[in-house]
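Colleague: What follows is a single structure, and I will ask about it in a moment.
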């Protein structure tokens, strides 16, 4: 019984210490060096909720605002996280090295304190940063970084570039749009599919905690040496940030903002491949590879076929080099090779296998050697060239014609072949005799076909003129006359409305008639079609902006209401100018 009680006691003590070890309470500043006229932001962050928060004594600073309290809870992959932050904005009182003291808080009955922080205050700067300014907040709390695995690779050596977006409280990102994608003109590139973009709340940027988003992954193989530039990735962010205004409860009101951020141009120093020790069989392969030659058959009958596969597998620029060619005796008929690739792209580069498959058909029986083939590549890790050799293989061909020796050449084979013979009947399909007959002479110029073709264009022109003169122009003249009359009436009523500034009822009646007649002139509609919904639909069909159509409808409604409601000269003048502006804008868009 005593042993059991002791075990439970030590177990509870261990659990208590482990829980206490997980609790953190830290102080983080926006910068450790600032000008006398700049502001400093300090965050006191804890991962468990606490009470009785006591800030340090800001003796060498003036508290501009604070404390501002924020709480963040998240649940990622079944793991919950919590953080609570107290934020202050401070202004230094004097130059020199000053120390921010300890803050304290009580968490689960225990008191936790932060470590003191030393701040260097310099002379006033020309453009001080305001922590309450939206630009300052975004610059300090949002970063787009291009992480390059190797900034000084060899020619054709694979490198990876990972574009990461970092952001933290109090900034929240609602939408991201890619404005400019990097171009890789001097590189062979392959993007890695990252699927759905996810936020990692446990990221780290320059030793500080941030939310991390992996935006893009790409593998590059430089195609020339020297200093090569990587064009920047540019993103447009829609975000929310706290403003200087507060609501009724003292909480800061969030504001919407747009921010364009770029990863910046990066320059790589690409080294050329060394000339010293470069073998003759080198064809541009860079990486770590294995090499082999495989025959599908080592014994077969004459006139049967077999395949010879030249296979290279490993990691490197598998897409960018030429495989060695097979060399066999001339009595073996060799067809053009078929290249196949099985390559997977990872951050370590391309890995997989490439192979060339030759189809070979022997003509005579015998034993044919397949000589050894060399394959060379450059290993950027060891910075040396390496040459691999395949084994010499033998193909045994049986049950077929003999050629004296297995390595007989094609000239000897051709000399033993007899020339082909042909019979006189082989070309019977060719007509050797002709049967020509004279064509009857006929005067085309006196035929009826000539006169039909000659008069048809004139008849078409005359018919087209008559249709245009008596049908289309008459219809257009009628429509144009209506349009001119409506425009004239619109100008007339608009001028009448201007003369009636002193009489509200007469002014708005004349203004409403002017608006109606203007639309009748522009949209070619009759008076009985002038409903508000009809006007708005017609304007949208004519590609007039939606807001402009709504302004026109609002202006018509205002005219209807103003005839029966008290007004002022100022509103009459504003409505007249507004009507003139709306009519002019619609006229331009139409």
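What follows is calculated from the coordinates using simple rules that are stated; it is not laboratory data. No experiment lies behind these values; they were computed from the predicted model shown. Backbone-built Cβ (ideal geometry, glycine too); neighbour counts: all protein chains shown.
Colleague: Packing-wise, with mean Cβ within 10 Å as the measure, how do 574-586, 537-549 rank, highest first? Walk me through the numbers on the way to the answer.
Modeller: Numbers: 574-586: 16.0, 537-549: 13.9.
Ranking, from highest mean packing down: 574-586, 537-549.
Colleague: Ranked from highest to lowest mean number of other Cβ atoms within 10 Å per residue, what is the order of the peptides 291-297, 195-201, 316-322?
Modeller: By packing density, highest mean first, the sequence is 316-322, 291-297, 195-201.
Colleague: Give me the extension gain from residue 108 to residue 225: residue separation times 0.36 nm, minus the current Cα-Cα distance, reported in nm with one decimal.
Modeller: Taking residue 108 through residue 225 to full extension adds about 36.0 nm, to one decimal.
Colleague: Right, something else. What's the FRET efficiency of residue 54 with residue 152 using the Cβ-Cβ distance as r and R₀ = 51 Å, to the nearest 0.05?
Modeller: Rounded to the nearest 0.05, the efficiency is 0.50.
Colleague: Could you compute the FRET efficiency for residue 72 and residue 543, with r as their C-beta to C-beta distance and R0 at 51 Å, rounded to 0.05?
Modeller: The value I calculate is 0.65.
Colleague: Ranked highest first by average number of other Cβ atoms within 10 Å, how do 374-385, 331-342 line up?
Modeller: My ranking of the peptides, most packed first, is 374-385, 331-342.
Colleague: I've got another one for you. Would you give the gap between the C-alpha center of segment 274-312 and the C-alpha center of segment 54-117, rounded to a whole Å?
Modeller: Going from one Cα centre to the other spans 66 Å.
Colleague: So if we plug the beta-carbon distance of residue 325 and residue 269 into 1/(1 + (r/R0)^6) with R0 = 45 Å, what FRET efficiency do we get, rounded to 0.05?
Modeller: 0.80
Colleague: Kindly provide the pair-distance distribution of segment 289-411 built from C-alpha pairs, with 10 Å bins from 0 and whole-percent values in order of increasing distance.
Modeller: 12, 39, 27, 15, 6, 1
Colleague: Also: If you take the Cα atoms of segment 171-294, find Rg, then find the Kirkwood Rh from the mean of 1/r over all pairs, what is Rg/Rh?
Modeller: 1.17
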